[in-house]
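Undergrad: Starting off with a structure, shown below.
Only the coordinates and a few stated rules stand behind these numbers; no lab work does. Quantities reported herein were computed from a predicted structural model and do not represent experimental measurements. Backbone-built Cβ (ideal geometry, glycine too); neighbour counts: all protein chains shown.
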Amino acid sequence: MSRRITLPADHVRQLPIDHQFTIPESYLDEMGHMNIRWYMALFNEGVGPFLQRIGLTDAYFAEKEGGVFALEQFLRYLAEVHVGETVTVRGRLLGRSAKRLHFMQFIVNETNNNVACIMEVLNSHANLHTRRTSLYPPHLQANIDALLAQHNQLDWAAPISGMIQP
């Protein structure tokens with residue numbers, strides 16, 4: 001059973017914009033709203049800039065040959081998005097272990113001033129040679145901890161689903 005989420009867009013706007021996009025007509029489905037696959041595409045566009053803030057950059061991926069694997073994702077659709085509306089994607093770090101990150105991404109409909117969709121994610125650092133999860137290096141752990149401390153200072157509770165157990 002799903003709980004009703006009430007999350008003001010102004011709360012989420014305390015987080016930096018990771019991606020901004022105006023919805024084209026090609027994103028609509030038969031029912032006249034944005035198709036599910038485009039929500040995932042928008043979240044995907046936003047995850048790179050979010051992860052760059054902790055040092056998971058293209059240079060890191062190339063030099064260290066480390067990366068990240070998505071382990072679990074949980075989406076909540078809160079409001080429709082229509083053609084011509086502008087959305088932003090923003091991310092919030094929720095927690096970590098030595099190998100994993102637990103975070104949320106939010107699609108905010110800037111046109112209608114609402115949170116349209118939330119994706120809760122569990123991912124893991126990975127050794128790309130062995131294709132296995134691996135520990136975050138110490139310098140990335142320090143960056144993660146700094147961002148986590150910053151996000152823990154926000155004055156609103158993240159709407160954690162309870163479906164992902166980090």
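Undergrad: Where Rh is the Kirkwood radius over the Cα pairs of the chain, the temperature 37 °C and the viscosity 0.692 mPa s, what D in µm²/s does Stokes-Einstein return? Could you put the intermediate results ahead of the total?
TA: On the way: Rh = 16.6 Å.
Calculated translational D: 198 µm²/s.
Undergrad: While we're here: Residue 69 label point, 7 Å along Cα→Cβ, cut-off 16 Å on backbone N: hits in segment 116-131?
TA: In segment 116-131, the label zone of residue 69 (backbone N under 16 Å from the point 7 Å along Cα→Cβ) covers 122-131.
Undergrad: Continuing with the same structure: Show me the ranking of peptides 34-43, 98-107 by mean Cβ neighbours inside 10 Å, starting with the highest.
TA: The densest-packed peptide leads the list: 98-107, 34-43.
Undergrad: Please compute the length gained on full extension between residue 52 and residue 35, using 0.36 nm multiplied by the number of residues separating them and subtracting their Cα-Cα distance.
TA: Full extension of this stretch gives 3.4 nm more.
Undergrad: So how far apart, in nm, are the two label points at residue 82 and residue 142 if each is 7 Å from Cα heading toward Cβ?
TA: The modelled label-to-label distance comes out at 5.1 nm.
Undergrad: While we're here: May I ask you to compute the full-extension gain from residue 152 to residue 5, defined as 0.36 nm times their residue separation minus their alpha-carbon distance, rounded to one decimal in nm?
TA: Details: separation 147, 0.36 × 147 = 52.92 nm, distance 1.97 nm.
Result for the pair: 51.0 nm of gain on full extension.
Undergrad: Mind ranking 111-121, 68-78 by how tightly packed they are, going by the mean number of other C-beta atoms within 10 angstrom, highest first?
TA: Sorting 111-121, 68-78 by mean packing, highest first, produces 111-121, 68-78.
Undergrad: Using the alpha-carbon atoms, what tilt in degrees (0 to 90, nearest 10) does helix 36-52 show relative to the longest principal axis of the chain?
TA: 40 degrees
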